[in-house]
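The structure appears right after this line, and notes come after that.
Values in this text are rule-based calculations from the coordinates and carry no lab data. These numbers were taken from a predicted model, which means no experiment stands behind them. A quick note on method: Cβ atoms are made from the backbone with ideal geometry, for glycine too, and the neighbour counts reach across all protein chains shown.
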Amino acid sequence: MANARTTAVLLSWSLLAVPAPGAAQEAGEDVQAKIRTSIETMVTAIEEENDPMRNRMFFELRIIGNESVPALVDLMKDTRVKVREYAIHTVSYIDDERWIDPVIEILESDQEASTRAMACRALARTQDTPVLEQAGRRALPAIASVLESDVEEVQMDAAFALGWFGDPEYRSLLEKAGQGSSELVSFFAKEALENIEHAEKMRRKNQGD
């Protein structure tokens, strides 16, 4: 009898722990409302150059996480340069590969050099987390392309990004950039080559273990 009562109590607790369909829907609506409010506040803060509030919304959206990715990807299409650049920056800190291809597209087609540079930095950040590490490698051809042919502002970040990926396939391209006429691009290309060398040493060490 005691066992039967215990089972009944545990069953009642388990039922209480399962949210009703209506409650789950309301919770989802609350999250979407919070995302909209956070983005609206962030955009206003960017326009008003209110960095503390902008940064606060950055953390709000990061905490929400994956559910904020579609809205941030949509915000990357904004005509205002600072707005779409901060959308790229924010979404790149969320471990969700849905933002990777849209950022690659921005790198390949955006008219603003500063936005393409931001895209390079965001794509490099995929190598900071195992969740995005492999998917992020889809960006390598686009990053290599802008290192070869874009303006200095973008080439610097492209060189940095290639170093962050640590792929020896791009060593010759970085060596060429390191010998170019731009001192800044040369600096970042040489730093990238050092990063690739370090990455190779670590791979050899791990293989030896």
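Values as computed for the structure displayed
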| quantity | calculated |
| --- | --- |
| Cβ-based net charge around Ser186, under 12 Å, with every Lys or Arg adding one and every Asp or Glu removing one | -2 |
| The chain: relative contact order as a whole-number percent, Cα under 8 Å and 6+ apart | 12 percent |
| Rounded Å value of the spacing that divides the Cα centres of the stretch 34-52 and the stretch 70-124 | 17 Å |
| Selected from Met156, Met53, Met118 as most flexible by GNM, with the chain as the system and alpha-carbon contacts under 10 Å | Met53 |
| Kirkwood Rh and Cα Rg combined as Rg over Rh, evaluated for the stretch 101-157 | 0.95 |
| Amide H within-cut-off set for Gly180, under 5 Å, with H built and near neighbours excluded | none |
| Calculated [θ] (222 nm, deg cm²/dmol) that DSSP helices of n ≥ 4 give over the chain, each run adding -39,500 (n - 2.57) | -25000 deg cm²/dmol |
| Highest-MSF residue in the chain out of Thr44, Thr79, Thr129 [GNM, Cα springs under 10 Å] | Thr79 |
| The chain - charge dipole about Cα centre, Lys and Arg +1 at Cβ, Asp and Glu -1, debye rounded to 20 | 760 debye |
| Three-way shape call for the chain based on the alpha-carbon gyration tensor, with the a/c threshold at 1.5 | oblate |
| Shape of the stretch 97-201, Cα gyration tensor, a/c cut at 1.5 | oblate |
| Magnitude of the charge dipole, the stretch 88-198, Cβ model with Lys/Arg +1 and Asp/Glu -1, debye to 20 | 100 debye |
| Label-point gap, in nm, between Arg98 and Ser182 - each point 7 angstrom along Cα→Cβ | 3.4 nm |
